[in-house]
1. So which pairs qualify, if the first residue must be in the range 419-431 and closer than 16 Å to Met395 by Cα, the second must be assigned to a helix (DSSP H, G or I) and of a type in the set (S, T, N, Q), the Cβ gap must be under 6 Å, and the two must be at least 6 apart or on different chains?
2. Which condition number in (1) over 29 Å from Leu67 (Cβ atoms); (2) within 18 Å of the chain's Cα centre (by Cα) is the one that Leu143 fails?
3. Checking His408 against (1) touching a residue at least 24 places away in the same chain (Cβ under 8 Å); (2) open to solvent by less than 10 Å² (accessible area, probe 1.4 Å), which single condition isn't satisfied?
4. Starting from the range 141-157, take each residue that is farther than 17 Å from Leu91 by Cα and list its partners that are among the aromatic types (Phe, Trp, Tyr) and surrounded by 15 or more Cβ atoms within 10 Å (Cβ to Cβ), counting only C-beta distances under 6 angstrom and pairs at least six apart or across chains.
5. Write out, first by first residue and then by second, each pair whose Cβ atoms fall under 7 Å of each other, whose residues are 6+ apart or on separate chains, and whose first residue, in the range 67-79, is farther than 15 Å from Phe30 by Cβ while the second is modelled with pLDDT of 90 or more and among the small types (Gly, Ala, Ser).
6. Residues that are more than 24 Å from the chain's Cα centre (by Cα), of a type in the set (Asp, Glu) and at negative phi, at least 3 per element: which helices (runs of 4 or more DSSP H) completely within the range 374-482 meet that?
7. State all residues of the range 19-66 that are closer than 30 Å to Ala355 by Cβ, buried (at least 19 other Cβ atoms within 10 Å of the Cβ) and either among the β-branched types (Val, Ile, Thr) or without any contact (Cβ under 8 Å) to a residue 24 or more places away in the chain (or both); if no residue qualifies, say none.
8. Looking at (1) at pLDDT 95 or above; (2) crowded, with 24+ Cβ neighbours inside 10 Å, which is the one condition that is false for Pro107?
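The values are calculated or read from the model by the stated rules, or taken from the named source; none is laboratory data. Quantities reported herein were computed from a predicted structural model and do not represent experimental measurements. With ideal geometry, Cβ positions are generated from the backbone for all residues, glycine too; neighbour counts draw on all protein chains shown. All accessible areas refer to the heavy atoms of the entire protein, side chains included, with ligands and DNA or RNA removed. Shrake-Rupley method; radii C 1.70, N 1.55, O 1.52, S 1.80 Å.
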Amino acid sequence: MTRAAPAAVDLPSLLPRLRALLAARLGLHFDERQDDRLTAALTRVAGPVSPARFLDQMELAPTRARLDALAAELTVGETFFFRHAEQFDALRVDLLPLMTRAAPGSPATGPGGTRRRLRALSAGCASGEEAYTLAITLHRAGLLAQGVDWDVLAVDLNPTALARATAARYGEWSLRATTQEQRSLWFHRVDPGQWTPLPTIRERVRFAQRNLGQPDALFWAPGSFDIIFCRNVLIYFEPSALRQAIRNLIGALAPGGVLFLGHAETLRGKEAADQEGLVLRQAHGCFFYRRETPASTRSWPLEWPATATPGPAVAPLAGLPAAVTAAEPVSDATTPDGGAGAGTGGDDQALLDEALHLIEAGQVEDGLRACARLISPGTPATLQAEGLFLHGLAMEERGQLPAAEWHHQRAAAKDASFALPHLRLGLLARRRGEVIAAHRELRRALELLEHESGDRLRRFGGGFDREDLRRLCRDEMQEIRA
C-alpha cells in the first residue's frame, strides 16, 4: 500500500504574507515580478516545514536564524574588485588630498589639530570585494606617510556573504576588472584560480552584520564616518526603511566627508540632504555627495550647484523598478513632445521595463534575454537603441567594458539622436586614456542632451536632470583639455 502524496501547496497565495514579513522585519521590498525568486527562497528556507507553517511561525515568533536565512537567499549581490573604478579614482586623486590637508576639525584632524583615524564605511559590502578595494585605494594614497591612520568597516545584512568576505578567497570572476599589475601588487594566490588580498590590506578591514534600514543612534552617531560607499543597496528597501537608511547615512557623514552611491541611485529631492549640507559634486566621470564646510567649499575646484528641480529618492540609470513605476517623468519645458523614445508600443515598452527590473534584481541573464527580444526588425529603432544601451550598462556593471562599449556604439548608430550612449562612450574612453575619442563623444553627448527626451532621461539619467548631465560633459571636457 502506497502513502498518498501530500496536497500541493498554493505557493503564490503565500507570497503576499512573505512580502509583508520581509518589509516589516528586514525592510526589504520585492514586487510581483520577483515571484519566482520569492517562491524559490521560501521553499528552500522552510525546508521540511511546509511553507504555510513556516510563515505561521515567523509571523508569531520570528527567529534571528530564520531571518538571516531569508536575507542570505534574497540579498545576493553582483560585485567584483574595482567595480566602477572611476569612483575610487575620484576618492584617491581628488578627495583624499583635500581631506588630508583640511583645516582642524575636519575628517583628517582631531581636536587641537592632532591627527586621527580616517574612518571609511562600506555599507552593503556583500562578499567584501568593495571593502577590500576601498582599503587598497586608501593604502595607495599613502595616508600613513602623511600621519593619517585609517580603517574600513564593512557591514551587510547577509551573514553568508559576510562569512565569504571574512574568508577573503576570491576566484577569477571577482577579479575580472583587476589588472595583472593590481593582482601582483595587492593580492596573493592561495590556490589555482584563488586569490586573497595581502595581509596589509585585510588587517585594515572589519566586517559586521547590520541592517542599514534600521535605527541605531550609537552606530550612526553624527560624524561617525569620513567616507561612505553605499552602492546599489538603497534600491532594495521598502519606503520607510529607505527613508531610515538615508537618514542614517546622511547623519553619520562627518563634515567634509563624502558619500558614494551606486550609479543607479541618488539623494535628489531629499530635503534632509540639503538641510544637512550635502552637495552634489562630480569628478572622474562620477557623481558623489560631500558634506561641505567653509574650508572645503573654498578648496573644491569644480562648482556643482544644486538645482531646484525635484527628483525621485532613488531613480534609474538602469534597472530600478520602483523608479520605473513610481517616479514622475522628468519635467523639462525644453523637452520636445514626441521626442526620441516616446510613443513606442505598449508591449515593447513593457518588455523594456521588464529588462530593467531583471537586471536591477541581479537576474542579469534573464534581463539580457529580454533586451535581445527588443533588438528585432519589428521593433522601432528608438526602442532597439534603448535595449542596446541597457545591454551596455549591464556589461559595465559586470566589468565587461569592451562588450559595454560595443553595445553603446550600436545604440548610438541605431538612433543618432540618443545622447546617453555617447556620454558613456566618452567616459569609457577617458578611463582608457584616449582623450581625443573621449572629447569627441562627450561633445556629441553635450549637443544631443539639449533635445534628449524626458522619458529617456527619467529611465536612464540616474536621477540627474538635463543640465546636470550637460554640466558633467562640460566638466569632463575641461579636465581633458587641462
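1. none
2. Of (1) over 29 Å from Leu67 (Cβ atoms); (2) within 18 Å of the chain's Cα centre (by Cα), only one is false for Leu143: (2).
3. Unmet for His408, out of (1) touching a residue at least 24 places away in the same chain (Cβ under 8 Å); (2) open to solvent by less than 10 Å² (accessible area, probe 1.4 Å): (1).
4. What qualifies is Ala154/Phe207.
5. Thr79/Ala126; Thr79/Ser127
6. none
7. Arg19, Val45
8. (1)
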